[in-house]
Every structure is written in C-alpha cells, then in structure tokens.
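The values are calculated or read from the model by the stated rules, or taken from the named source; none is laboratory data. Predicted, not measured: the structure shown is a model, and the values here were computed from it. Glycine also receives a Cβ, built like all others from the backbone with ideal geometry; neighbour counts cover every protein chain displayed. Keep in mind that these areas ignore ligands, DNA and RNA; they rest on the heavy atoms of the full protein, side chains included. Shrake-Rupley method; radii C 1.70, N 1.55, O 1.52, S 1.80 Å.
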Amino acid sequence: MTEAYIYDAVRTPRGKGRSSGALYQCTPVSLASAVLRAVQQRNRLDTALVDDVILGCVEVTGEQGGDIARSAVLHAGYAQTTAGVTVSRFCSSGLEACNMAAAKVICGEAELVIGGGVESMSRVPMGSSGGALFNDPSVAFPAHSVPQGVSADLLATLRGYSRNDLDCYAFQSQVRATAAWRDGHFQKSIVPVVDMNGTTILDRDELIRPDTTIEGLARLEPAFATMGEKFGYDATAIQRYPSVESIRHLHHAGNSSGIADGAAAVLIGNGEIGRRLGLTPRARFRSFASIGSEPCIMLTGPAPATGKALAKAGMAASDVGLLEVNEAFASVVLCFMEETGVPHDRVNVNGGAIAMGHPLGATGAVLLGTLLDEMERRNVETGVATLCVGGGMGTATLIERV
C-alpha cells in the first residue's frame, strides 16, 4: 500500500447549461480534452506515463456516450497507451472518479492517474440517458422515486427550514462567489476555454449574479410545485413520509444549483512517480467513502458519507479545517451543517453551485480542486469535499496537505 498524492487540479469555467450559454458551441469531448491538455502542459507530462484517465459523466449518451474518457484521451493527443474509463455515480461522479484514481495508486495497480469529470448539460440534457430508477415502475414505485427538486422541498419541510432560511443561504453563495472571483481565488486552477483559433470563449464562471438580493430571491416562484402537486410526486413522497401533512415548495431557480457545462481534471500519483517527474505533491488522500441513503428524500447523504470517511481517519467533523459541500439545493447544505455541527464559516467559503452552477459529472472534481486551492491559501491542513447523490447516496473525500 502506498500514498496517493494530488499533484495538480484544473477546471474550465462553468458555462450556462443552455443554448444561449457560452460553452454550448463546445462539444463535451472538447471540454474534457481541454483540461487533459492543461494537465499535460502545466506539468510537462510524458503522457505515456499516465496509466489511466477516469472521468465522471452522468448522462452517458449521445455526445457523452461511447466512453467519453477514452475519446478525450485521444482527442487531447495523449499517448495511445493511456487508458480511459467513464464512471457514473450521478452528481458525485467527478469525485468518485478521483477516489477511484487514488485507489488505483494506493493499491499499486497504477502509478499516475487522472481523475475528473465532464458534463455538457446544454447539449446533453439532464435525464437523457433514462434509467430504471426513473422510468421503470417496478423499480421507481417501491423506492418512492421523485424528482430531486421535490426531494429538496421534502427535506426543507421535514427540517423546518423557511423560505427565508434557504434564500439567505443562496444569497451568501452569490456574495462569496462574487468576492472569490474579484479576489482571484480561482485563478490558480482555471483553464480558459478557447476555440480552434485560440480565441477565448469563456474564462470565468458564467452563472454568477453579483446583483442578487434577498428581496429579489423572495420574488421568485417555486420551481417544483407543479410537478409535485399536479403530477403526483408530493403524494408519492408523503406515502414514504406519512408524518408530513403537505410538502412546502420553497426551492426555486435562485436557491437551487444552476444547470451548467464544464470539465475538471486532477493529477494523482504515488510518491515515486512524482520524484521521477520532478512534481511537488500538494496533498494526499487520507480517506474516502460512498454510502447509500433513503432514496425518496435522497439528498441527506453528505453527512453520513463524511462521517464514514472521517471515521476511517480517526477524525471528527470538528477536526476539519475546510469543507466543500455541493450546493445541489440550499436545504442540502443547511441539513449537512445541522447534522455535523460545522459552522458556515468553514463550509463553501467561496460560494458554490447555487452561484456558479453544477455540471453534474464534473462538479465533484471541481470541488476537490477548489478545496485544495483554498486550503493552501488559508494554510489549512485538512479538508473534505462531499456531495449528495441521486437515488439516495453520498460521497466524501478527506485530503490532507503535504
């Protein structure tokens, strides 16, 4: 057994995940290959030494089908000996890919691996790949499967969060993300997206709204009331949670994660390959874990996943310096902080997906890089990245600076 180190982490800016977004003109494979090329160039890698590329991608169909990781390896000009594999654990796919890369290194199966993820939600919409959990009644009905937005509203109802609680959290995400961009906190890892002529298409996260106000958020209409009330999903959820008289629909476009396009890559290897290549390790993987949770509410996985990862390291949440918790919905992070007791001043200090977007398969790797950059900036020793996952799961990763 050996240590797995993070040597580099890069990401594209996140573009609006619709046809009017800046990255709509970019194919998913071009986004993935852009971050792979950046890793190669920044570290002067002989890509023949990269054993594998593991990319998370949720909607593995159409332009994102056919093992996009291998396609990206070839499109990026890597050695043909570099393998590529695509993994999906829904929203935590990018982090799961990094954990799998680290596991390959730890067990000695590989020396140098790139983990990461990609998602072009403007070109391959959410839900495109279908699946039994959503479309097969024999699977969906026993699981009381409902759309995530309804689950978020159910979570807020059960926890007693008010609309103002959710909106205040969302406002802080926008404020923090705006300040982070203003102060250059993301510049170390950002790879601008350029066209074939080298002209910059996007060099900063496109979804941030610096002019956001609490009053403006309060005027937005709930996004999931119609599907919950008119399409029967509220009744399905209440069958699972009969103590709930009715679901309060409180989430909307302003306190939920933005639909986005983007890609990220993390260079992971053992100590020997780093010494041979003259690379300086930035952090090591202490532990990681994925868990299953109740599939109807589905969004409560981050706290138990974090607890499982921390237990492996003999730590508690109070021992962790910084945490990145994916802002799928405001209620997810409020629930995490309530269950772990971690204060907001250590969670998502540069904002999150509510302000900057959630490119499904890439977000986990984005969070890992963002976490590491901020740990270095603040001279913090340990950090956790964690995400809730569709179908009722959670993934968490604990890293420690070297």
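In the stretch 303-324, is there at least one residue being under 15 Å from the mean Cα position of the chain (by Cα), under 18 Å from Cys168 (Cβ atoms) and not hydroxyl-bearing (Ser, Thr, Tyr)? For the stretch 303-324, residues under 15 Å from the mean Cα position of the chain (by Cα), under 18 Å from Cys168 (Cβ atoms) and not hydroxyl-bearing (Ser, Thr, Tyr): absent. Met196 meets the conditions (1) touching a His at 6+ places or on another chain (Cβ under 7 Å); (2) of a type in the set (A, V, I, L, M, F, W, C); (3) modelled with pLDDT under 95 in every case but one. The failed one is (1). A residue that is in a helix (DSSP H, G or I), under 18 Å from Ala260 (Cβ atoms) and open to solvent by less than 50 Å² (accessible area, probe 1.4 Å) cannot be found anywhere in the stretch 99-108.
For Leu36, are the conditions met, namely being over 29 Å from Gly391 (Cα atoms), in contact with a His (Cβ under 9 Å, 6 or more places away or on another chain) and modelled with pLDDT of 95 or more? Reasoning before the result, please.
On the way: over 29 Å from Gly391 (Cα atoms): yes; in contact with a His (Cβ under 9 Å, 6 or more places away or on another chain): yes; modelled with pLDDT of 95 or more: yes.
Yes; evaluated as a whole, the condition is true for this residue.
For Gly127, the requirement of being within 20 Å of Met298 (Cβ to Cβ), open to solvent by less than 20 Å² (accessible area, probe 1.4 Å), of a type outside the set (A, V, I, L, M, F, W, C) and in contact (Cβ under 8 Å) with a residue 60 or more places away in the chain is not met. Considering Ser122, Ser129, Ser151, the condition of being small (Gly, Ala, Ser) and farther than 20 Å from Ala362 by Cα is satisfied by Ser151 alone. Meeting the requirement of 2 or more residues that are among the small types (Gly, Ala, Ser) and either open to solvent by 70 Å² or more (accessible area, probe 1.4 Å) or under 28 Å from Arg89 (Cβ atoms) (or both), the helices (runs of 4 or more DSSP H) wholly within the stretch 130-230 are 137-140, 148-159, 163-182. Listed by first and then second residue, the pairs linking a residue in the stretch 172-196 that is closer than 24 Å to Pro343 by Cα to a residue that is among the charged types (D, E, K, R) and open to solvent by 50 Å² or more (accessible area, probe 1.4 Å), with Cβ atoms under 9 Å apart and 6 or more places separating them unless they lie on different chains, are Gln174/Arg209; Gln174/Asp211; Thr178/Arg209; Trp181/Arg204; His185/Arg377; Phe186/Arg204.
Inside the stretch 3-43, can you point out the residues that are under 23 Å from Gly274 (Cα atoms) and without any contact (Cβ under 8 Å) to a residue 24 or more places away in the chain? Selection gives Gln41 alone. Just to be sure, is Thr280 under 24 Å from Val146 (Cβ atoms), touching a residue at least 24 places away in the same chain (Cβ under 8 Å) and either basic (Lys, Arg) or open to solvent by 20 Å² or more (accessible area, probe 1.4 Å) (or both)? For Thr280, the condition - under 24 Å from Val146 (Cβ atoms), touching a residue at least 24 places away in the same chain (Cβ under 8 Å) and either basic (Lys, Arg) or open to solvent by 20 Å² or more (accessible area, probe 1.4 Å) (or both) - is not met. Of the residues making up the stretch 321-333, those that are surrounded by 21 or more Cβ atoms within 10 Å (Cβ to Cβ) and either assigned to a helix (DSSP H, G or I) or of a type outside the set (S, T, N, Q) (or both) are Leu322, Leu323, Glu324, Val325, Glu327, Ala328, Phe329, Ala330, Ser331, Val332, Val333.
The set of residues from the stretch 231-243 being farther than 30 Å from Val366 by Cβ, open to solvent by less than 100 Å² (accessible area, probe 1.4 Å) and among the aromatic types (Phe, Trp, Tyr) comprises just one member, Tyr241.
Residues are listed down the side, and each one gets a yes or a no for (1) assigned to a strand (DSSP E or B); (2) over 17 Å from the mean Cα position of the chain (by Cα); (3) crowded, with 21+ Cβ neighbours inside 10 Å:
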residue: Tyr7; (1), (2), (3): yes, yes, yes
residue: Ala22; (1), (2), (3): no, yes, no
residue: Ser33; (1), (2), (3): no, yes, yes
residue: Tyr78; (1), (2), (3): no, yes, yes
